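Below you'll find the structure, written out as structure tokens, and then a few comments.
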Amino acid sequence: MRESTGKVLLVDDDESILRSLGRLLGASGYHVLSFQSARALLDSGETETADCIILDLGLPDSDGLHVQETLAAAGGGQSIVFLTGRGDIPASVRAMRAGAVDFLTKPVEAETLLAAVNMARQRACALREVEEKKASVVRRLDSLTAREAQVMHLVVAGRLNKQIAADLGIMEKTIKVHRGRMMAKLGVRTVADLVRLVVSGPPDAALGPSPTTIREGNEL
């Protein structure tokens, strides 16, 4: 059996389309889950881990573009391939501007569909990798004590050890200890590496506690 290359969610109210596209995608190594309505898709809990969602534009219970908006509001929907039974240029423009991978007209050629699904899978993998890197940065930042976070702020701001010591009112050798521990926890060796790591994290979490804030009872 061919190893699965990703999970595809197939959404169409036409059973014959679900069967034919399901066979095509399954033969290409994809794990396929089929749904006949927008509600079934949204209630499935599968969208967060999908590599691609093949979505019919004209579902009976919801417009496909509305489903795209719903998924985007929940932080997903970046890997949608739309299918439609009619050429709808305004809808296709709207879908692509909202981040859809492709907008295909039925009946769709197998090669065309598989190319679109592969593009969606690559995009999903790239986005997942970015999110995993950000999560790793957040975990490392969260491991810092409040004092280490203060020192990090000031190092990133370009302050020297003696300047940081004066800013915080403690000895320079103590700053060196905190700085060393901070760099080790974050897995960086140079200030340039530290700045790159901080910038790569989410904006609201990148710098931890502010330089003027320290948790009560933390070491100096």
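The values are calculated or read from the model by the stated rules, or taken from the named source; none is laboratory data. Just so it is clear, the model here is predicted, and its values are computed rather than measured. Note that we place each Cβ from the backbone using ideal geometry, even for glycine, and neighbour counts take in every protein chain shown. Side chains included, ligands, DNA and RNA excluded: accessible areas come from the protein's heavy atoms. Shrake-Rupley method; radii C 1.70, N 1.55, O 1.52, S 1.80 Å.
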So which of GLU148, GLU69, GLU109, GLU131 is in contact with a His (Cβ under 8 Å, 6 or more places away or on another chain) and either of a type in the set (A, V, I, L, M) or over 14 Å from VAL8 (Cα atoms) (or both)?
GLU148
Among the residues of region 131-140, are any open to solvent by less than 40 Å² (accessible area, probe 1.4 Å) and in contact with a Ser or Thr (Cβ under 8 Å, 6 or more places away or on another chain)?
yes
Please verify whether region 159-173 includes one or more residues that are over 27 Å from the mean Cα position of the chain (by Cα), at pLDDT 90 or above, closer than 15 Å to LEU141 by Cα and open to solvent by 80 Å² or more (accessible area, probe 1.4 Å).
no
Please verify whether VAL93 is modelled with pLDDT of 85 or more and either farther than 18 Å from LEU10 by Cα or aliphatic (A, V, I, L, M) (or both), treating the condition exactly as stated.
no
What number of residues within region 141-158 satisfy the criterion of being in contact with a Gly (Cβ under 9 Å, 6 or more places away or on another chain) and open to solvent by 40 Å² or more (accessible area, probe 1.4 Å)?
1
Is it fair to say LYS185 is farther than 18 Å from VAL138 by Cβ, surrounded by fewer than 19 Cβ atoms within 10 Å (Cβ to Cβ) and charged (D, E, K, R)?
no
Complete set of residues in region 36-48 that are open to solvent by less than 80 Å² (accessible area, probe 1.4 Å) and either within 17 Å of ALA74 (Cα to Cα) or of a type in the set (D, E, K, R) (or both)
ALA38, ALA40, LEU41, LEU42, SER44, GLY45, GLU46, THR47
Show me the helices (runs of 4 or more DSSP H) found entirely inside region 102-197 where at least 1 residues are in contact (Cβ under 8 Å) with a residue 12 or more places away in the chain and touching a strand residue (DSSP E or B) at 6+ places or on another chain (Cβ under 8 Å).
110-142
Give me the residue from region 98-123 that is in contact with a helix residue (DSSP H, G or I) (Cβ under 9 Å, 6 or more places away or on another chain) and small (Gly, Ala, Ser) and, out of that set, most open to solvent (accessible area, probe 1.4 Å).
ALA98
With the condition kept exactly as written, say whether any residue in region 194-203 is among the polar types (S, T, N, Q), closer than 29 Å to ASP51 by Cβ and at pLDDT below 95.
yes
Quick one: VAL117 ticks every box in (1) of a type in the set (A, V, I, L, M); (2) under 30 Å from VAL198 (Cα atoms); (3) modelled with pLDDT of 90 or more bar one, so which box is it?
(2)
